[in-house]
């Protein structure tokens, strides 16, 4: 059996605030298999981005990783020194952040920012790094790459800035790319171009991708495996096709029912929304965290702690008492 490129085991990341402890990531486990895309999907505030930042060891106070293991290339990343972790970030594991305008340095030209990454991790002269930067910008579909290297981030459109972020992420040919909502705030046409670009780069380089999104349409288009998160926990995991054919958790079912055009009805129809709102991580309900919004909740869902991941179908674990 193939081993995962990156294996997150029972990760817990918490934020210690004046109002209490926020369990942003609560015992989450993930496996990224070589050259595949794992999609992590869920509503805002469910812990997706905090999971990604935890993998990169970029959690800032008052946040702290309190438990778990993150295995990569035979090493637990949580046991490494900060210096050792810096040598991994950008070179072996890179990240495409959600908003490129806040991730790119506004006072440096985009070409210089890519050159800095190349020279930090690779032995390159200025001339070699400059040539490689132009090649990377061309690879991600930026026209006249030599000229655009001289641009500042504010001189580029949102789609172009996102392409620069992708060029930075693939610059050192990493084994794993974490893409955190890479198409947020882009129009539909540019979204499709960015997804096509990610797919093409993965096919050409064999890179493993962790894709974080709230958009099931994006998941359906590019992911082979899916993890559904809710209130800091993974509630369902499966192959992408199995999630869409047979969603098991009531939350996943609710997400599917809220997608336009997922029924055989013709003509106008109302979308089925999940009732209520995601609970505050400071005031989670007793029992199952989804019980206040679940149409199938019964007594055990309110009285007993959430179950572990049950497996009613082989390779399709789900965290729900309906399958106990």
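I need the shape label for segment 216-263. Rule: rounded when a/c is under 1.5, else prolate if a/b > b/c, else oblate, with a, b, c from the alpha carbon gyration tensor.
Oblate, because a/c is 1.5 or more while a/b does not exceed b/c.
Specify the residue with the greatest mean-square fluctuation among 125, 94, 44, computed from a Gaussian network of the chain linking alpha-carbon atoms under 10 Å apart.
So, out of 125, 94, 44, the one fluctuating most is 125.
For the chain, calculate the relative contact order in percent as a whole number, restricting contacts to Cα pairs under 8 Å that are 6 or more residues apart.
20 percent
When the helices in the chain are scored as -39500 (n - 2.57) per DSSP H run of 4 or longer and the sum is shared across all residues, what 222 nm value do you end up with, to the nearest 500 deg cm²/dmol?
So the helix-based figure for the chain works out to -9000 deg cm²/dmol.
What is the spread of the Cα atoms of segment 189-318 along each of their three principal axes, largest first, in whole Å?
50, 39, 32
To one decimal place, what Kirkwood hydrodynamic radius in Å is obtained for segment 117-222 from all pairs of distinct Cα atoms?
14.5 Å
Using Cα-Cα distances under 8 Å and only pairs 6 or more residues apart, what relative contact order does segment 39-190 have, in percent?
30 percent
Quick one: Cα centre-to-centre distance for segment 288-309 and segment 168-222, in angstrom?
Value for the Cα centre distance between the two parts: 34 Å.
Counting DSSP beta bridges in the chain, what percent are antiparallel, to the nearest 5?
Bridges in the chain are about 60 percent antiparallel.
What share of all Cα pairs of segment 33-109, in percent, falls into each consecutive 10 Å distance bin?
Binned Cα distances yield the sequence 14, 44, 35, 7.
Bear in mind that the values in this text are calculations on the coordinates, not laboratory data. No experiment lies behind these values; they were computed from the predicted model shown.
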